[in-house]
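**Q** Shown below is the structure under consideration.
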Amino acid sequence: MRKIKSQAVPRGYRLVGLLVGIAVVAAVGGATGRSAQAVIPALPNTVQQWNKIAEDTVVGSGAFQGEGEIYMSYASLAVYDAVVAIQGGSEPYGPAIDAPAGASVDAAVVEAAYRTLSAYFPSSCNPTNAACMALGASLFTDYNLAMAAIPAGPPANAKANGIAVGLAAANSIIALRTGDGRLTPIGTTSSFETREAGPGVWRLTPPAFLVPQTPWLGSVQPFLLKSPGQFQPEPPIPLTSKEWARQFNEVKSYGRATSTVRTSDQTATAWFYTANVIRQFNIAARDLATARALDTRDTARLLAMVNTVSADALMSVLNAKYQFLFWRPVTAIAGAGVCPSQPSAVTADGYGPVPGFDDGNAATVEDPCWRPLVTTPNHPEYPAAHGTNTSAMAEVFSEFLGTDQIDLNIRGFDPDPTKPAGNFLAVHHFDTAEQLREEVIGARLWGGIHYRRSSEVGVHLGQKVAHFGLNHAFKTTG
C-alpha cells in the first residue's frame with residue numbers, strides 16, 4: 001500500500017499496466033426497490049450530476065459536516081483524476097493514469113464516483129441507521145440509470161475504456177486514503193486530552209448535552225496540508241483582560257435568543273448559516289459551474305478544490321478546538337447561577353462541577369437564564385469552524401476565478417416558518433470574497449455561539465489552509 005500523500009503526485013509517475021486486464025464489473029442490470037422512482041439529477045454535465053448524488057449520499061448518511069467532507073473529497077478526487085486522465089489540462093491528485101484514446105469521459109465520471117462512494121457506503125454506516133444502510137442500493141440504482149444512458153461508442157470501446165479509467169481512479173484514491181485516520185461508524189466520538197476543569201474550559205452544552213463531536217477529525221491526514229496542526233492559531237485571550245469582557249458582553253447582548261438589539265436582518269443571517277456546509281458550498285460550486293458554462297474538466301477541478309479544502313479546513317479547526325478547549329458563550333454567560341425558569345446550562349458531564357464556574361472578571365456579569373439564538377454545536381468554541389470553512393471557501397472561489405471579485409450567490413437556510421425545514425431557499429449575493437468573510441463573522445456572533453474574535457481567527461486560519469492547499473494541488477498545465 002502506498003503512503004498517503006498530502007499533495008499531488010508528480011505527473012511523470014505512471015501506474016504501469018493499470019488499465020491492462022482490468023475486469024470491469026459494471027452491472028447495468030438488476031433492479032432495486034427505488035429504481036422506478038430514481039432520476040439522475042437534471043444538471044448540465046455528468047460531474048455536476050454525480051457531485052449532487054455524492055452530496056445526497058453523504059448528507060443522507062448523517063455524517064457530521066467535517067466528517068462528511070472526507071467522503072465528499074474521496075469522490076471528488078476520483079472524479080477529478082478520471083477526467084484529467086482523459087482530458088488533461090491539470091495535474092492529477094494521485095498517480096497519473098494512462099487513458100486509452102477516445103475513452104468516454106461520462107463513463108469515467110460515473111464509474112469513478114460510484115466505485116468510490118460504494119466503497120464507503122454502507123460499510124461506514126452504523127448498522128442501526130436504516131437510512132444510511134439503504135444508501136448502497138440507491139447508489140447502485142443511480143449507477144445503472146447513468147450507465148444505461150451512455151452509448152458504447154463511437155469510437156469503439158469508448159464506454160468500456162472510460163469505465164476502466166474511472167475504476168482505476170477510484171481504486172487509486174481508495175488506496176491512497178487507506179489508514180488516513182477516519183473513524184467509523186459515521187458519527188463516532190473519540191477520546192481526547194482534557195484540561196483541568198475551571199473557568200474558560202469547555203464542557204457539554206444545553207439543551208441536549210451531546211457527546212463531543214468527532215474529536216478524531218483533528219488527527220486525520222489532510223488531503224492538501226502537511227498536517228492538521230500546520231497552521232496553529234494563537235491561544236484565546238485571557239479571561240482577566242478588557243478584551244475578554246468586551247467579547248463576552250457583545251455576544252451576551254447580540255446573541256441572546258430574545259435579544260432586543262439584534263436586527264431582523266441579523267437574526268435571519270444567523271439562521272442562514274445554520275445550513276449544512278456540505279450542501280451550501282457544493283451547491284454554490286455547481287451554480288457557478290452552470291452560470292459560467294464550465295466544461296467537465298473545470299467543473300471537476302472546482303469541485304475537487306471545494307471539497308478537499310473544506311475537509312482540510314475543518315480538520316485544522318477541530319485540531320485547534322480540541323487543543324484549546326475554550327468554553328462556549330452559553331457556559332460562560334450562564335455561569336454558576338441557577339435560573340428558575342429553565343434547566344441549568346451545565347450538567348454532570350465529567351468536565352467540571354455543577355453549577356459551573358464564574359470567569360472572575362469584574363467587568364462581566366453572568367445571567368443564568370441566558371440562552372443563544374442558535375443551538376450550540378457539541379464541540380469546543382475556539383476557533384470558529386464556520387468562520388474557518390467559509391473563509392476557506394471564499395479563497396477557493398477567488399483563486400479559481402483569479403479575482404477577489406467573486407460575484408457569487410450562496411444559498412442558505414430561510415427561517416420563514418412557512419418554508420420547509422432544512423431548506424436552502426435564502427440567497428445572499430457577494431460581490432467580493434471579503435464580504436463573505438465579514439458576514440460569517442457577524443452571523444455566528446448573532447447566533448450566540450461564538451465570540452467575535454473566534455470567528456476572526458477562524459477566518460485567518462481558513463484563508464491560510466486554502467492558500468497553501470491550492471498552491472500544492474490542482475495546478476493547470478496549459
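**Q** How would Ile441, Ile410 line up by accessible area, probe 1.4 Å, largest first?
**A** From most accessible down to least: Ile441, Ile410.
**Q** Under a crude label model (7 Å from the Cα following the beta-carbon direction), how far is Cys369 from Val338 in nanometres?
**A** Taking the simple label geometry, Cys369 and Val338 are separated by 1.6 nm.
**Q** Taking Rh as the Kirkwood radius, which is the inverse of the mean 1/r over Cα pairs, what is the Rg/Rh value for the range 83-192?
**A** The Rg/Rh ratio comes out at 1.06.
**Q** With every atom except the alpha carbons ignored, what do you get for Rg and Dmax of the range 290-347, in angstroms?
**A** Rg and Dmax of the range 290-347, Cα atoms, are 21.2, 61 Å.
**Q** For Asp180 and Val39, what does the FRET efficiency come to when R0 = 35 Å and r is the distance between their Cβ atoms, rounded to the nearest 0.05?
**A** Working: r = 34 Å, r/R0 = 0.96.
According to the calculation, E is roughly 0.55.
**Q** In terms of the ratio Rg/(2.2 N^0.38 Å) built on C-alpha atoms, what value belongs to the range 226-355?
**A** Relative to the rule-of-thumb radius for its length, the range 226-355 sits at 1.44.
**Q** Arranged from highest to lowest average of other beta-carbon atoms within 10 Å per residue, in what order do the peptides 338-350, 39-51 appear?
**A** 39-51, 338-350
**Q** If one computes the Cα centroid of the range 258-322 and of the range 386-400, what distance in Å separates the two points?
**A** Rounded to whole Å, the Cα centres lie 8 Å apart.
**Q** Something else: What are the semi-axes of the equivalent ellipsoid of the range 335-389, taken as the square roots of 5 times the eigenvalues of the Cα gyration tensor, listed largest first and rounded to whole Å?
**A** 22, 15, 13
**Q** Now a separate question. With each pseudo-label sitting 7 Å past Cα toward Cβ, what's the Leu210-Lys226 distance in nm, one decimal?
**A** 3.5
**Q** What Kirkwood hydrodynamic radius, in Å, does the range 299-454 give when the mean of 1/r is taken over all pairs of distinct Cα atoms and then inverted?
**A** For the range 299-454, the Kirkwood estimate is 17.8 Å.
**Q** Would you be so kind as to identify which of Ala289, Ala146, Gly360 lies farthest towards the positive end of the dipole of the chain, taking Lys and Arg as +1 and Asp and Glu as -1 on Cβ and the Cα centre as origin?
**A** Farthest towards the positive pole: Ala146.
**Q** Quick one: what Rg and Dmax do you get for the range 316-356 from the alpha carbons, in Å?
**A** My reading of the Cα-based Rg and Dmax gives 12.3, 40 Å.
**Q** Calculate for the chain the 222 nm mean residue ellipticity that helices alone would give, adding -39,500 (n - 2.57) per DSSP H run of length 4 or more and normalising by residue count, nearest 500 deg cm²/dmol.
**A** That comes out to -14500 deg cm²/dmol.
**Q** What's the ranking of 458-464, 470-476, 445-451 by average number of surrounding C-beta atoms within 10 Å, highest first? Intermediate values should be presented prior to the final figure.
**A** On the way: 458-464: 24.9, 470-476: 17.0, 445-451: 28.0.
Descending packing order for the listed peptides: 445-451, 458-464, 470-476.
**Q** Quote the accessible area belonging to Asp98 in square angstrom, nearest 10, computed with a 1.4 Å probe and with ligands, DNA and RNA left uncounted.
**A** Asp98 has an accessible surface of roughly 80 Å² with all protein chains in place.
**Q** To continue, here is another question. With a 10 Å radius around each residue's Cβ, average the other Cβ atoms per peptide and rank 301-311, 127-137, 112-122, 420-430, highest first.
**A** So the order, starting with the most tightly packed, is 301-311, 112-122, 127-137, 420-430.
**Q** Right, next: Please compute the length gained on full extension between Phe192 and Asp295, using 0.36 nm multiplied by the number of residues separating them and subtracting their Cα-Cα distance.
**A** Separation in residues times 0.36 nm, less the Cα-Cα distance, equals 32.7 nm.
**Q** Would you list, by chain and number, the aspartates and glutamates whose Cα falls below 19 Å from the Cα of Lys52, excluding same-chain residues fewer than 8 positions away?
**A** Correct list for Lys52: Glu67, Glu69, Asp81, Asp106, Glu111, Asp142, Asp287, Asp295, Asp298.
**Q** Something else: Can you list residues whose amide H is under 5 Å from Ala426's amide H, if they're 5+ apart or on another chain and H is modeled 1.01 Å from N?
**A** Gly412, Asp414
The values are calculated or read from the model by the stated rules, or taken from the named source; none is laboratory data. As the structure is a computational prediction, the values presented were derived from the model and not from experiment. Because the Cβ atoms are built from the backbone with ideal geometry, glycine has one as well, and the counts that use them run over all protein chains shown. Quick note on the areas: whole protein, heavy atoms, side chains included, nothing else; ligands and nucleic acids left out. Shrake-Rupley method; radii C 1.70, N 1.55, O 1.52, S 1.80 Å.
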